[in-house]
2 protein chains.
Amino acid sequence: MLKLFEYNWQVRQDWFNWCQDVSEEELLKKRTGGIGGILHTLFHIADVEFSWISGLQGKPEFTDPFDSYASLQKVKDLSARFHNEIRPFVMSWTPEMEFKELSELTSKGETVIFKYGEIMRHVIAHEIHHIGQLSVWSREVGKFPVTADFIRRGLF
Amino acid sequence: MLKLFEYNWQVRQDWFNWCQDVSEEELLKKRTGGIGGILHTLFHIADVEFSWISGLQGKPEFTDPFDSYASLQKVKDLSARFHNEIRPFVMSWTPEMEFKELSELTSKGETVIFKYGEIMRHVIAHEIHHIGQLSVWSREVGKFPVTADFIRRGLF
């Protein structure tokens with residue numbers, strides 16, 4: 001499971017590098033599908049990973065709106081800060097944690113129970129899914145997307 | 001790892017169901033990014049999963065072109081057939097298989113070595129990534145995409 005987190009972190013960094021050559025107008029442009037924009041998607045990915053992993057540690061989630069972070073440097077800084085905070089938990093994951101339970105309150109006030117292993121996989125799939133959307137939008141910008149390959153990344 | 005395969009298989013089935021209400025013209029329409037079309041993407045996902053998992057079992061990969069399968073029913077049938085063939089291998093995965101080696105010949109005639117665990121994660125990420133592309137195109141069709149959530153699927 002850790003390898004897929006490492007993959008996501010590497011791919012996210014590749015996308016931040018990809019963004020360097022793209023105008024802020026293109027990065028902020030409203031697009032069809034998903035969260036609706038390139039930079040907003042990268043913000044959303046970092047936010048969701050941080051908020052769930054914080055939840056697993058009994059810490060509060062992140063609730064700031066994207067508006068306060070609408071520049072490449074700000075999203076990169078936020079993602080790096082979040083990464084430092086959640087990395088130790090992810091790296092110390094053990095199979096015994098799979099079925100630990102997390103209680104969440106829905107907007108309707110109902111209690112839902114998730115397993116820790118379920119949340120970890122949710123976070124992994126969440127990032128890969130949104131990166132797939134970036135790969136479509138990259139063509140609208142006229143640039144090749146970052147490779148989504150897991151192989152040839154030195155992860156094994 | 002198996003849970004992420006089960007997730008992918010469930011999501012793929014949801015997308016096949018989603019396709020039922022969409023015209024074949026929309027399913028075959030050439031689109032920007034990825035493999036360039038909805039049905040072609042679902043074909044490609046099934047093909048890549050089957051070909052890599054076959055490779056891990058020392059069996060030949062699949063090489064038929066999409067043209068021979070350009071209808072919803074044909075892609076569904078192919079995906080179901082592939083699923084039956086590869087499922088036993090995936091379900092019998094054990095951690096000892098992680099670092100087994102697979103030798104592949106590149107188009108330049110060079111030998112590359114992959115680890116079995118590397119290929120398994122490559123296959124998982126490959127499907128989730130391409131499904132992310134479908135979620136953007138679904139908006140072009142004017143339909144809500146299938147949810148990409150791992151949680152609330154009864155997988156835990």
Legend entry - Computed over region B:2-141: relative contact order in percent, which uses C-alpha pairs under 8 Å that are six or more apart: 26
Legend entry - Extreme residue, positive dipole direction of chain A, given options A:SER107, A:ASN17, A:PRO65 (C-beta unit charges): A:ASN17
Inset, instruction - State which entries of B:LYS76/B:LYS143; B:LYS59/B:LYS100; B:LYS29/B:LYS108; A:LYS29/A:LYS108 exceed 22 angstrom in Cα-Cα distance in the structure shown. - result: B:LYS29/B:LYS108; A:LYS29/A:LYS108
Inset, instruction - Between A:ASP64 and B:GLN13, with labels modelled 7 Å along Cα→Cβ, what's the label distance in nm to one decimal, could you check? - result: 4.2
Inset, instruction - On a C-alpha basis, how far is the centre of region B:1-18 from the centre of region B:88-156 in Å? Whole number, if you could? - result: 11
Legend entry - Inter-site label distance for B:LEU28 and A:SER23 at 7 Å from Cα along Cβ, in nm: 3.9
Legend entry - Backbone N under 12 Å from the A:HIS83 label point (7 Å along Cα→Cβ), restricted to region A:1-25: A:6-17
Inset, instruction - Mind pulling up the Rg/Rh value for the protein assembly as shown? Radius of gyration and Kirkwood radius, both on Cα. - result: 0.95
Legend entry - Between A and B, accessible area buried - total, square angstrom, nearest 100, 1.4 angstrom probe: 3000
Inset, instruction - For region A:2-141, just list the percent of Cα-Cα distances falling in each 10 Å bin from zero outward, please. - result: 11, 41, 32, 14, 2
Legend entry - Highest-MSF residue in chain B out of B:GLY132, B:GLY109, B:GLY117 [GNM, Cα springs under 10 Å]: B:GLY109
Legend entry - Residues of chain A: accessible area per residue with a 1.4 Å probe, Å²: 46
Inset, instruction - Could you list the trypsin sites (Lys or Arg not before Pro) in region A:94-148 that lie in coil according to DSSP, counting only those with at most 11 other Cβ atoms within 10 Å of their Cβ? - result: A:LYS108
Legend entry - Exposure rank, largest accessible area first [A:GLU61, B:GLU24; 1.4 Å]: A:GLU61, B:GLU24
Inset, instruction - Under 18 Å Cα to Cα from A:LYS115, which aspartates and glutamates show up? Leave out anything in the same chain fewer than 8 places away. - result: A:GLU49, A:GLU61, A:GLU96, A:GLU98, A:GLU101, A:GLU104, B:GLU6, B:ASP149
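The values are calculated or read from the model by the stated rules, or taken from the named source; none is laboratory data. Worth saying up front: this structure is predicted, and the values here are computed from it rather than measured. Here Cβ is always computed from backbone atoms with ideal geometry, including for glycine, and neighbour counts include all displayed protein chains. With ligands, DNA and RNA removed, areas are computed over all heavy atoms of the protein, side chains included. Shrake-Rupley method; radii C 1.70, N 1.55, O 1.52, S 1.80 Å.
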